[in-house]
Amino acid sequence: MPSLLINNVSILNNSGNHLCVSILDGKINSVNVEPVSRSGNSHVINFKNALAFPGLFNVHDHLEFNLFPRLRSKIYKDYLEWGNDIQISYSNEINSVLKIPVELRIKFGMIKNLLNGFTTVMHHGINSIQKSDQIINVFDNYNFLHSVSLEKNWCIKLNLKPNNLPFVIHLGEGTGETIENEINKLFKWNIFNKKIVAVHGISLNEKDAEKLTALIWCPDSNLFLYNKTANVSELKNKIPILFGTDSNLTSDPNSWNHIRTARGINALNDEEFINSLTSLPGELLNIKEIGKIKEGYRADIVVVKKKSENNYEAFFNINPEDILLIIRDGKIILFDESLENECGFLNYQKFKISESIKFTSKEIVEVIKKLESLKIKLPLEISTIN
């Protein structure tokens, strides 16, 4: 397999600003302080004013729900009140999206993540996604429970699953007596002390956190529905904090707006926050060698326009149209029109995100075309080019 060389990039959490990353057989082969020249049949991409970072890990999404508009009619007490309300208030909007085949909706959910720089996502749902159908890496090596109130036989499933994988469950999503009772029931009936990863955790306290393996924090979705989010500044002292976007049903399609919102809360410092998006999920979920631009690690890499001299400020000011290159498992899966000369050998197809032209595989562009033919309004101003 030809090697791929990325020259002259700054790397997030690395002190160098003119680094070269060499990729071979899906892995990062080396990180050098000097540009590397083309050798043999290697492909070289030279950058100017660019920032590279590991492909991000979205630890909570419902992939089949990303063609919905954001739905709410008020601020809610909890997820049960929200669910009941939207079924009545937005039945037409819901039914029109549900008519789209679920396989197509799941593919778009992966595309949304890709366009935001996520190369791995944890899909929280019952629909399994075959490796051959994965546009990005979909992590499913966990036990699914929706919630205490909506998951049938949750107690039996929690205690009788014959594996040691963590259970990922919506917990503490809202406030009030119903939510407190859910939390207490789950802990009471976790007879065999199974590992539990809580999603949302708005009502969780430090004592609750001691009984959990981790918290997946989804601040944008929480603030939209409940005008409140988890007390991460305290909870982080007890458990690891991971980051999730939730779906477009309750959150902004531009995940970088979530990231800026979360940063503004000041619950995690910049290093903690970036780790929650990159290296920490792999460490916690036992996925080896992901989340770092480091020799021997999986070559999941995003390169973006560097709009600030400070690497952290550059990272936190990204939008999807700023993405120049995305590599998954050592293969280029998206590139900006400015790299057409270097990446033209891929024979990818054009599409637009906002006013920016990108290139990606025919498979991805066909999904966009199919949704356009169904007269679906796509988020992020995504469109094909005739």
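The values are calculated or read from the model by the stated rules, or taken from the named source; none is laboratory data. What you see is a predicted model; the values in this text were computed from it and never measured. Note: ideal-geometry Cβ built from the backbone for every residue, glycine included; neighbour counts use all protein chains shown. Only protein heavy atoms, including side chains, enter the accessible area calculation; ligands, DNA and RNA are left aside. Shrake-Rupley method; radii C 1.70, N 1.55, O 1.52, S 1.80 Å.
Here are a few things to note about the model shown:
- Separation of the range 294-325 from the range 21-36 is 16 Å, based on Cα centroids.
- Length added when fully stretched, Asn46-Leu165, from 0.36 nm per residue minus Cα-Cα: 38.6 nm
- With the largest listed first and rounded to whole Å, the semi-axes of the equivalent ellipsoid of the range 289-386 from the Cα gyration tensor are 25, 17, 13.
- Centroid-to-centroid separation of the range 186-230 and the range 240-265 [C-alpha atoms, Å]: 16 Å
- Cα centroid separation, the range 134-164 to the range 363-386 (Å): 32 Å
- For the range 125-173, the solvent-accessible area with a 1.4 angstrom probe is 51 square angstrom per residue.
- Most fluctuating residue given options Lys288, Lys306, Lys194, as computed from a GNM of the chain linking Cα atoms under 10 Å: Lys288
- Cα shape, the range 220-373, gyration tensor, a/c 1.5 rule: prolate
- Each 10 Å bin from zero up to the one holding the largest Cα-Cα distance in the range 71-160 carries the following percent of pairs: 13, 31, 40, 16, 0.
- Pairs of Cα atoms farther than 21 Å apart, the range 168-256, %: 26 percent
- When the chain is treated as a GNM with alpha-carbon contacts under 10 Å, the residue of Ser221, Ser30, Ser338 showing the greatest mean-square fluctuation is Ser338.
- Spherically averaged projected area in nm², based on the convex hull that wraps the Cα atoms of the range 1-107: 11.3 nm²
- Cα gyration tensor shape of the range 159-307, rounded if a/c is under 1.5, else prolate or oblate by comparing a/b with b/c: oblate
- Per residue value of the accessible surface for the range 214-288 (all protein chains in place, 1.4 Å probe), Å²: 33 Å²
- Rg followed by Dmax, in Å, when the range 52-112 is reduced to its Cα trace: 14.2, 45
- Candidates Leu242, Leu51, Leu371: whichever shows maximal mean-square fluctuation once the chain is modelled as a Gaussian network with Cα springs under 10 Å: Leu371
- Carbon and sulfur %, accessible surface of the chain computed with the full protein complex present, 1.4 Å: 46 percent
- In the context of the full set of protein chains, the range 1-103 has a per residue accessible area of 48 Å² (1.4 Å probe).
- Restricting the calculation to Cα atoms, the range 89-209 shows an Rg/Rh of 1.01 when the hydrodynamic-style radius is the Kirkwood one.
- Hull shadow area, averaged, the range 186-232 [alpha-carbon convex hull, nm²]: 3.3 nm²
- Förster-model FRET efficiency, 51 Å R0, Asn347 and Asn205, C-beta, rounded to 0.05: 0.40
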